[in-house]
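The values are calculated or read from the model by the stated rules, or taken from the named source; none is laboratory data. Note that the structure is a prediction, hence the values are computed from the model and not measured. Cβ: placed from backbone, ideal geometry, glycine included. Neighbour counts: every protein chain shown. When the accessible area is computed, the model is the full protein with side chains, heavy atoms only, and any ligands, DNA or RNA have been set aside. Shrake-Rupley method; radii C 1.70, N 1.55, O 1.52, S 1.80 Å.
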Amino acid sequence: MQTKKNGEEVTEESVTNKIVEFLRDYGSTIGQLSHNQKVMVIYKTNRPKNEFFIFHSDEENKKVGRQTLPTISVAANASDLKTYRSGNLSDSELRNRLDINSVKPSEEQEKDLRVMANILETAFEDTGEQQFQIRGSVDYLALDNYGALFSFDIRYIGQSHFDFSGLHEALQDMRKDLEKARAQINDFNADREVRDSIATKKREEVQAKHAEEKENIKKAYNQFIKDLKSTITDYGRTLHSIELNQQILVSVTLDTHYEEIPKRIDLHVRKSILENNSREQAMAEIQVREH
């Protein structure tokens with residue numbers, strides 16, 4: 001039996017081989033990895049597009065059944081990838097050092113993770129002005145050698161009269177107003193002192209508005225981290241399909257242009273910490289990594 005996609009056979013083995021090839025050829029080029037860190041590539045399958053049909057080889061158009069590839073993960077030590085790239089490790093030796101896993105979640109585990117994903121969506125889907133709001137849906141998957149992973153995107157929602165999404169356009173409008181003011185002053189032959197005074201006032205208005213918005217978004221970011229920690233603490237312990245020694249990871253991509261705010265954050269905590277500590281202690285133990 002075969003499965004075909006774009007003329008190529010798609011199987012668990014072929015997907016694994018593609019991941020191994022990617023790590024072998026490009027893994028060592030990830031500059032931010034230190035010698036003792038790992039890089040992991042995950043092929044996740046909790047989306048309908050990863051389902052496919054199998055056909056009898058002797059009955060071309062007869063469907064036998066619908067199949068879903070398992071979630072496949074391949075992890076490599078950065079040191080091994082660098083050693084391979086230097087020529088001191090063969091293909092087979094590198095592959096033997098890789099941590100290769102595949103798992104097909106049970107219906108119970110799938111439901112377990114989906115409930116948590118829905119909770120995260122609900123918590124951040126309608127947050128109001130001057131707060132971070134979720135964009136799209138929450139993706140999720142489980143890895144036997146790690147735990148549960150959730151990921152989603154968020155964006156900042158500013159005040160209705162000055163939404164962050166239109167910040168640059170608003171600044172442009174202010175600059176145009178400034179130019180009009182200068183032109184009007186010139187038409188009336190105003191002296192340089194008056195022109196400079198008006199120009200300075202406009203610049204100060206723009207700078208003050210920009211500083212205010214930066215302060216608002218920093219406050220909103222800190223509040224989002226607090227709320228996300230709270231959600232993980234309250235509901236992470238309900239993930240019955242995740243073992244006590246496994247991790248819960250929530251990865252968030254932020255849509256923001258401010259340098260003070262990271263582009264992505266990862267929050268992770270061991271399930272046992274949520275189970276065995278008070279709410280306050282558990283929240284304090286959640287690790288936050290900014291990228």
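A few remarks follow.
- When only the Cβ of Lys, Arg, Asp and Glu is charged (+1, +1, -1, -1), the dipole of segment 233-291 relative to its Cα centre reaches about 200 debye.
- Heavy-atom accessible area per residue - segment 212-274, 1.4 Å, Å²: 46
- Gain on full stretching of the segment that runs from Tyr258 to Gln223 - 0.36 nm per residue minus C-alpha separation: 10.9 nm
- Taking all protein chains as shown and a probe of 1.4 angstrom, Val41 keeps an accessible surface of around 40 Å².
- Residue order for Asp227, Asp91, Asp112 - accessible surface, 1.4 angstrom probe, largest first: Asp91, Asp227, Asp112
- Compared with the alpha-carbon gap, the fully stretched path from Asn276 to Lys82 is longer by 65.9 nm at 0.36 nm per residue.
- Total formal charge among the other residues, if their Cβ is under 12 angstrom from that of Ile154, Lys/Arg +1 and Asp/Glu -1: -1
- Within the accessible area of segment 194-273 (1.4 Å probe), percent carbon and sulfur: 47
- Nitroxide proxy distance, nm - points 7 Å out along Cα→Cβ at Ser90 and Ser251: 3.3
- Net +/- balance of residues flanking Leu239 in space, Cβ distance below 10 Å, scoring K and R +1, D and E -1: 0
- Multiplying the residue separation of Lys201 and Gln32 by 0.36 nm and removing their Cα-Cα distance gives an extension gain of 56.4 nm.
- Using a probe of 1.4 Å on the protein chains alone, the accessible area found for Ile72 is around 0 Å².
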